[in-house]
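Rule-based calculations on the coordinates, nothing more; no lab input. The structure presented is a predicted model; accordingly, all values stated were derived computationally and were not measured. Note that each Cβ is placed from the backbone with ideal geometry, even for glycine, and that neighbours are counted across all protein chains shown.
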Amino acid sequence: MSGENGLRWGIHFVNPVSGTHYYQLFSTASDFSAGQIQEMIYLDERVNFSQPSSGNTLDVVFLKNTGKVAADVSVAVFLTSDTANIRTITVSREGRISE
C-alpha cells in the first residue's frame with residue numbers, strides 16, 4: 001500500500017457502540033480526516049473488534065514512499081460466540097503485518 005497515486009494509504013477501523021463493525025481503505029495526503037474512502041468492508045456479524053474499543057476508531061496510515069507506519073499499531077478481533085479468544089493483528093513500524 002505504499003505510494004499509489006502519490007498518496008499515503010491506510011485502514012480506518014470502526015467499532016461502533018451499536019451496529020456492525022467495519023473498516024475502510026482510504027487514500028490521503030495526510031490522515032483519514034483529509035482522505036478519500038476507497039472501500040468500506042463490514043465484518044461478519046459474528047466478528048467484533050475489541051481494539052479499537054467500543055465507540056472508537058483506529059487508523060493505520062502507511063507512508064507513501066516506504067510502506068512503513070509511524071508506530072506499531074494493533075487491532076484485536078474476537079468471535080461473538082467465544083469472547084475470551086481474542087486475536088491481535090499488529091502492523092509493525094516497518095509495515096509488517098502479523099498475528
So which residues in the stretch 11-31 are touching a strand residue (DSSP E or B) at 6+ places or on another chain (Cβ under 7 Å), touching a residue at least 24 places away in the same chain (Cβ under 8 Å) and under 17 Å from residue 51 (Cα atoms), if there are any at all? 11, 12, 13, 14, 15, 20, 21
Would you check which residues across the stretch 64-99 are farther than 20 Å from residue 52 by Cβ, surrounded by fewer than 14 Cβ atoms within 10 Å (Cβ to Cβ) and of a type outside the set (Asp, Glu) and list them? 65, 66, 81, 96
Considering only residues that are within 18 Å of residue 16 (Cβ to Cβ), touching a helix residue (DSSP H, G or I) at 6+ places or on another chain (Cβ under 9 Å) and in contact (Cβ under 8 Å) with a residue 60 or more places away in the chain, which ones fall in the stretch 52-86? none
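Conditions (1) in a strand (DSSP E or B); (2) farther than 18 Å from residue 67 by Cα; (3) aliphatic (A, V, I, L, M), marked per residue:
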site: 5; (1), (2), (3): no, no, no
site: 10; (1), (2), (3): yes, no, no
site: 24; (1), (2), (3): yes, no, no
site: 27; (1), (2), (3): yes, no, no
site: 30; (1), (2), (3): no, no, no
site: 40; (1), (2), (3): yes, yes, yes
site: 45; (1), (2), (3): no, yes, no
Among the strands (runs of 3 or more DSSP E) contained in the stretch 52-99, which hold 1 or more residues that are over 20 Å from residue 35 (Cα atoms)? 73-79, 82-91
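Can you find a residue in the stretch 33-49 that is aliphatic (A, V, I, L, M), surrounded by 13 or more Cβ atoms within 10 Å (Cβ to Cβ) and over 13 Å from the mean Cα position of the chain (by Cα)? Lay out the reasoning, then the answer.
Of all residues in the stretch 33-49, those aliphatic (A, V, I, L, M) come to 34, 37, 40-41, 43, 47.
From what's left, surrounded by 13 or more Cβ atoms within 10 Å (Cβ to Cβ): 43, 47.
From what's left, over 13 Å from the mean Cα position of the chain (by Cα): 47.
Yes, the conditions are met somewhere in the stretch 33-49.
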